[in-house]
1. So ASN331 fits all but one of (1) exposed (fewer than 12 other Cβ atoms within 10 Å of the Cβ); (2) farther than 19 Å from GLU219 by Cα; (3) in contact with a helix residue (DSSP H, G or I) (Cβ under 9 Å, 6 or more places away or on another chain); what number is the exception?
2. Only residues that are touching a helix residue (DSSP H, G or I) at 6+ places or on another chain (Cβ under 7 Å) and of a type in the set (Ser, Thr, Tyr): list them for segment 225-274, please.
3. Just to verify a result, which residue in segment 40-97, among those that are open to solvent by 10 Å² or more (accessible area, probe 1.4 Å) and acidic (Asp, Glu), is nearest to the chain's Cα centre (by Cα)?
4. Exactly one condition in (1) open to solvent by 60 Å² or more (accessible area, probe 1.4 Å); (2) assigned to a strand (DSSP E or B); (3) modelled with pLDDT of 95 or more is not met by GLN259; state its number.
5. Using beta carbons and a limit of 8 Å, which pairs, at least six apart or on different chains, have the first residue in segment 37-61 and more than 14 Å from PHE23 (Cα to Cα) and the second one modelled with pLDDT of 95 or more and among the hydroxyl-bearing types (Ser, Thr, Tyr)?
6. Given (1) over 31 Å from the mean Cα position of the chain (by Cα); (2) more than 22 Å from VAL338 (Cα to Cα), identify the lone condition not met by ILE264.
7. Are there any pairs, at least 6 apart or on different chains, whose C-beta atoms fall under 7 Å, with the first in segment 171-190 and touching a residue at least 24 places away in the same chain (Cβ under 8 Å) and open to solvent by 20 Å² or more (accessible area, probe 1.4 Å) and the second part of a helix (DSSP H, G or I) and of a type in the set (D, E, K, R), and if so, which?
8. Can you find, within segment 264-290, the residue that is nearest to ALA226 (Cα to Cα) among those that are open to solvent by less than 20 Å² (accessible area, probe 1.4 Å) and of a type in the set (A, V, I, L, M)?
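The values are calculated or read from the model by the stated rules, or taken from the named source; none is laboratory data. Only a predicted model underlies this, so the values are computations on that prediction, with no experimental measurement involved. Methodologically, a virtual Cβ is constructed for each residue, glycine included, from the backbone with ideal geometry; neighbour enumeration extends over all protein chains shown. Accessible surface areas use protein heavy atoms only, side chains included; no ligands, DNA or RNA. Shrake-Rupley method; radii C 1.70, N 1.55, O 1.52, S 1.80 Å.
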Amino acid sequence: MIIAYEHKQLTKRIKYSFLLAKFIQIIAWIGLGYGEGAYKSFFLGFSNSLLFISYTLEIIAFLTLKNMLHNVEKRLLYFFMVVSIIGFNLIIIINDTTALRIIFYSVVNAVIYLFMYRMVFSKGATALMKLIGSLYLIVSFASVIRAVITAISSVPTSFYIPGTFQWTVVLAIYIFSNLGTIGFILLMKEEVDRDLYHFANFDDLTGVLNRRSFSTETENKLRYYAKKRESITYVLFDVDHFKSINDTYGHLIGDKVLQNLTTIIKPFLQTNDLFGRYGGDEFALLLVDKNEQEATEIIKQINQSIKPLIVGELVVHYTISMGGITIAPSNDTCLEDVYISCDKALYTAKRNGRNIFVKGKLES
C-alpha cells in the first residue's frame, strides 16, 4: 500500500525507513515463533533485537515525516536501540529468566514509543496526528503495566503461555500493527494535502495569498463584517518603478525586492488580516477589527518602514505607493467595486509623486 501510494513530495528515505521497519517486524515475529524451540536463546535474542530495531525505525519515520525529530534526538534513539540490544542479549547469556526478559523488553518498548508524545502535544498537531500519537502512547503505557505486573505478581505475561492473555496480546499486536501502517499512509496523505492546499492558495514567491484565495477570503470577510456592522480597510499597493528595478538589476533582484517587501509588512498584520499578491508587483491588504484611524496609522507605518534591499554589496532603494478605502460593508457591497475604488486611489498616489498613501471612496 505504501509503495503504491508514491508521492514526489515525500523523500524516499522516510517511506522506505517505515517499510524496512515493518519488514523487520515480520521477520522478528516469525523468529519469535521458535522462541520455545531447540534454539530458544538464539531466536529470542535475534528476534527481540530485530524488534528493537524496527520499533526505532518506525518511530523515526513517523517523527521525521512530520519534521518533529532533531538529529540529536535521532542519535539518542539509535544509541538507546544499540544499548537495548546489548542489554537484552546479556540477560539471555548471563541470567536468562522469563520475567527479567519481559520486564526489559516492555521497558524498552515503552521508552521508544514514548517519543510519540510529540505527535500529541506539539503545537499545531492535527487531529490525525493526535490520534496516531495517542495510540502509540497507549501501547507505551500498556508496556509499562506489563512490566509492573511481571515484576510484582505471578500473573503470566509471556506470549508463549496459551490462554486468554496470549490471544489478547496477539490480536492487539495484529490490530496495532495494521493501525500503525494505515496511520502512516494517512499522515503521508495529510502532508500531500497540505502541500496541495498551499500551492493552490498561496503565492510561491512571497508566501502570501494568491489572487484567487485573497479574493475569496475577502468576499467572506465582507459578508461577515456586514453582519457585524463593523468597518474594514482595503488597500492596494505596488512598488514604484518596479520595471526599472528589473531592467537595471535583473528579475532575480526584482523577486528579492518583492520578498523583502512582504517580510517587512507581515509583522504589522494581525491574525484576521489578509495579505495577498494580485500579480507582478501589485499587492492587497485587508485590515479588519480596526477603525479608520487605526488602519490609516498602520498603513503609514508600513509605508515608512520600507527599507532598501541589501544583497551583498548591492543596495537597492525602492518605495511603494498605496491606495485604500475604509468602509462599513453591507450585503450589497461588491468586491469589484471596492477594488476599482482602491485602484483609482492607488493611481492618484502615483500621479501625486509616489511613495504615499491616498484614501479613496467607494464608487458603485
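1. (2)
2. Those that are touching a helix residue (DSSP H, G or I) at 6+ places or on another chain (Cβ under 7 Å) and of a type in the set (Ser, Thr, Tyr): SER231, THR233, TYR234.
3. That would be GLU73.
4. (2) is the only condition that GLN259 fails.
5. ILE59/TYR113; ILE59/TYR136
6. Of the numbered conditions (1) over 31 Å from the mean Cα position of the chain (by Cα); (2) more than 22 Å from VAL338 (Cα to Cα), the odd one out for ILE264 is (1).
7. THR181/LYS22
8. First, pick out the residues of segment 264-290 that are open to solvent by less than 20 Å² (accessible area, probe 1.4 Å): 265, 273-276, 283-288, 290.
Next, only the ones that are of a type in the set (A, V, I, L, M) stay: 265, 274, 284-288.
Values: ILE265: 26, LEU274: 17, ALA284: 20, LEU285: 18, LEU286: 14, LEU287: 14, VAL288: 12 Å.
Applying the filter and picking the extreme gives VAL288.
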